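Enquirer: Handing you a structure now.
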Amino acid sequence: MPEYLSPGVFVEEVSYRQKSIEGVSTSTTGFVGPCGFGPVFDEPALLTSYSDFERIYGGMDKLKFEDHDNTTNNFIAHAVQAYFSEGGKRLYIARVFEPISGAYPPPERTSATSTSGKWSDGHARWEPLTSPMGDIFLKARHPGKAGNFKVSFLFKYGQDALDTSDAENILLRGLANFSVVWARTSEEMTTSPVGSGQLYWIEKYFDETRHRDTFRLRRDDPDGDAGEALSLDQLESVRPVTVTVATSGHYGDDITWEDLSFHPGRQNALTEIFAVHPAKRSISLYVPLVFETQLKNGAAIAEALMNQANIVDNTPINSNLNSSRSALRTMQVQLTGGNDGNQPDSGEYQGTESQGMKSGLMAFEDLEDISIVAAPGSTFDYTAVSGTDIAEAVMRQLITHCERMRYRVSILDSVNGNLPGDIRALKAKIDSTRAALYYPWIRIFDPITETEILNPPSGHMAGIYARNDIERGVHKSPANEVARLALGFEILLNKAQQEVLNPEGINCLRFFEGRGFRIWGARTASSDPEWKYLNVRRYFAFLERSIEKGTQWAVFENNGETLWTNIRQTIEDFLFNEWKEDHLAGADPKEAYFVRCDRTTMTQNDLDNGRMICLVGVAPLRPAEFVIFRIGQKTLDNR
């Protein structure tokens, strides 16, 4: 309470209204599975379109697992396209990767081995860089055969920047601290061959003799004593040297980085733009190349690269440097040995933690806005490995993740090629209120092969969930909705087959003449009749999460009548709005919900231990799964 110690006018802000609860989003989705490229151990990126996915995780090109003879459809990429086409808005991807051998990521870059021309950690490299260039390392940032792209280096020599018009005040025009230059001294001008000179980096320092800031040229490391540095009055010519780097053959358009610096101290240096551990998240997501070196000065880095260019094109470094125009030198290298690793097992889907970063489903644990999770493709042609059925193991991990995170549901795929009897046997092993199983797979058009392929239904269903939530609301079951991308189904189910599958909690996808391909099931994979319907489970998750977030202000408030009244009114206002929007059953609010928070809900022991207990009951709407019309004959005498 404010103090009033001296006379005056005091203006204070007070509130005369109840706190409000805002409904949380229910359509943000997370997919986990193998991709063609992209980070494995990193916070999943938020995607809002398929083009976002393509820039980070690659396109729809098929994957080639080293422990399989044939290529595999890129199910995650197709699921992402289906998600956004069906109406999804926000999506996270957790890429999984299993290396050919060893752990991923390896503890050191040198621990990766090459077998049959493929690196065990999956990262493409350019092998000649490991020997003639000294300690410089060039590789694809992420594992995958998509990392086998070309890298071009274009070295540029600018105009002479040395201004000697004032002998007492020699200047360097247009250059900054740590710039790399090609320079020749006055002595080299008279005693050395034409075009001779060396590479240096520029250091800004205070000239105590002339009492002013100026530049000097160095070739040693920045932590050296600069004993052999050249002053500007020793120089005859100074030309800036930069490099332009381009990648080609990677997903999407070719990428070019113009006029980069060599020295690690510059913001646009090679070691910053292609950093191993980038400071900017955009680099880890959108820059597919890593340039690593233990060389500490830009002159040494530039010289190492140019020496390698000499090996490639057999042209001396100093050729054409006596030209007044910018001289160019190019070098193109091919990264090789990148691969998609082995087909991931359940351990990769579950995820691990390395150096503070998480992979797989573990990466979703720190993202609070996810409401739907799925693993598209995890059930494709998996067989028993070491006595464990991987498809079933991944399903259980999805369910366990949702149970632990509370406010999430998992979308489970049937196994491709399953007959109705097979899917019943699979469903018999699953029982959860936070999972929904869909059958069969969906036939779609593959733009890569220009043929029809089978796609797991989870990507489509996640998009339909989102579309349903946006257009109708999470209270409405995501069923009797059209699968927009569907060209057909793996199996065309009939009514008799669904009569067997539906009671067991298997949501069927069916074709209806004149009504297209539709989702014809709205049940969870639970045997509990209270949570039989998917919309009830998801609506309660929405209510619980919204109330939890909207009442955080109550923590540590005085646990008395004032707090209880405020809590009751806050929740009642929220539920009244839900009832007015026709999201709850009941002809009036008393039938739709109740909220109790008083001495009848708490004992003295609860109060003594800091517990405030509020009881909330709501009457959810259940879907009209069976619409029944009873029609009989009548006579004129019937009334």
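Residues checked against (1) touching a His at 6+ places or on another chain (Cβ under 8 Å); (2) touching a residue at least 40 places away in the same chain (Cβ under 8 Å); (3) of a type in the set (Phe, Trp, Tyr):
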position	(1), (2), (3)
GLY36	no, yes, no
LEU46	no, yes, no
TYR57	no, no, yes
MET60	yes, yes, no
ASP69	no, no, no
SER85	no, yes, no
GLY88	no, yes, no
VAL96	no, yes, no
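Enquirer: Can you tell me which residues in region 72-115 are at pLDDT below 80 and charged (D, E, K, R)?
Expert: Result: GLU108, ARG109.
Enquirer: Of everything in region 284-299, what is modelled with pLDDT under 90, of a type outside the set (S, T, N, Q) and out of contact with any Phe, Trp or Tyr (no Cβ under 6 Å at 6 or more places or on another chain)? Give them in sequence order.
Expert: Hits for region 284-299 are LEU295, LYS296.
Enquirer: Mind listing just one residue for me: the one in region 273-296 that is among the polar types (S, T, N, Q) and not in a strand (DSSP E or B) and, of those, surrounded by the most Cβ atoms within 10 Å (Cβ to Cβ)?
Expert: The selected residue is SER284.
Enquirer: Further, regarding this structure: If you go through region 7-14 one residue at a time, do you hit one that is outside the structural domain of ILE93 (by TED's automatic domain parsing), at pLDDT 90 or above and in contact with a Lys or Arg (Cβ under 6 Å, 6 or more places away or on another chain)?
Expert: No, the conditions are met nowhere in region 7-14.
Enquirer: Sort out which residues of region 119-153 are buried (at least 18 other Cβ atoms within 10 Å of the Cβ), in a strand (DSSP E or B) and modelled with pLDDT of 85 or more, and write them in order of number.
Expert: Of everything in region 119-153, those that are buried (at least 18 other Cβ atoms within 10 Å of the Cβ), in a strand (DSSP E or B) and modelled with pLDDT of 85 or more turn out to be TRP119, ARG125, LEU138, LYS139, ALA140, VAL151, PHE153.
Enquirer: I'd like to know if region 464-486 contains one or more residues that are outside any loop (DSSP other than H, G, I, E, B), touching a Phe, Trp or Tyr at 6+ places or on another chain (Cβ under 8 Å) and surrounded by fewer than 20 Cβ atoms within 10 Å (Cβ to Cβ).
Expert: Yes, because at least one residue in region 464-486 is outside any loop (DSSP other than H, G, I, E, B), touching a Phe, Trp or Tyr at 6+ places or on another chain (Cβ under 8 Å) and surrounded by fewer than 20 Cβ atoms within 10 Å (Cβ to Cβ).
Enquirer: A further question follows. Could you list all residues from region 615-635 that are in contact (Cβ under 8 Å) with a residue 12 or more places away in the chain and either out of contact with any strand residue (DSSP E or B) (no Cβ under 7 Å at 6 or more places or on another chain) or under 30 Å from PRO503 (Cα atoms) (or both)?
Expert: Answer for region 615-635, where residues must be in contact (Cβ under 8 Å) with a residue 12 or more places away in the chain and either out of contact with any strand residue (DSSP E or B) (no Cβ under 7 Å at 6 or more places or on another chain) or under 30 Å from PRO503 (Cα atoms) (or both): GLY617, VAL618, ALA619, PRO620, LEU621, ARG622, PRO623, GLU625.
Enquirer: I've got another one for you. Give ILE444, ILE430 a once-over and let me know the one that is more than 26 Å from ARG545 (Cβ to Cβ), assigned by TED's automatic domain parsing to the domain that holds GLY516 and among the β-branched types (Val, Ile, Thr).
Expert: ILE444
Enquirer: Let me ask you something else. Pull out all pairs, ordered by first then second residue, where Cβ-Cβ is under 9 Å, the residues are six or more apart or on different chains, the first lies in region 1-18 and is under 18 Å from GLN569 (Cα atoms), and the second is at pLDDT 85 or above.
Expert: GLN18/ASN566; GLN18/GLN569; GLN18/THR570; GLN18/GLU572; GLN18/ASP573
Enquirer: A further question follows. Failed condition for GLU591, given (1) outside the structural domain of ASP369 (by TED's automatic domain parsing); (2) in contact with a helix residue (DSSP H, G or I) (Cβ under 8 Å, 6 or more places away or on another chain); (3) among the charged types (D, E, K, R), with all others met?
Expert: (2)
Enquirer: Tell me, yes or no, whether region 432-442 has at least one residue that is at pLDDT below 95 and farther than 23 Å from ILE491 by Cβ.
Expert: For region 432-442, residues at pLDDT below 95 and farther than 23 Å from ILE491 by Cβ: absent.
The values are calculated or read from the model by the stated rules, or taken from the named source; none is laboratory data. Source: prediction; values computed, not measured. Reconstructed Cβ throughout: ideal geometry from the backbone, glycine too, with neighbour counts over all protein chains shown.
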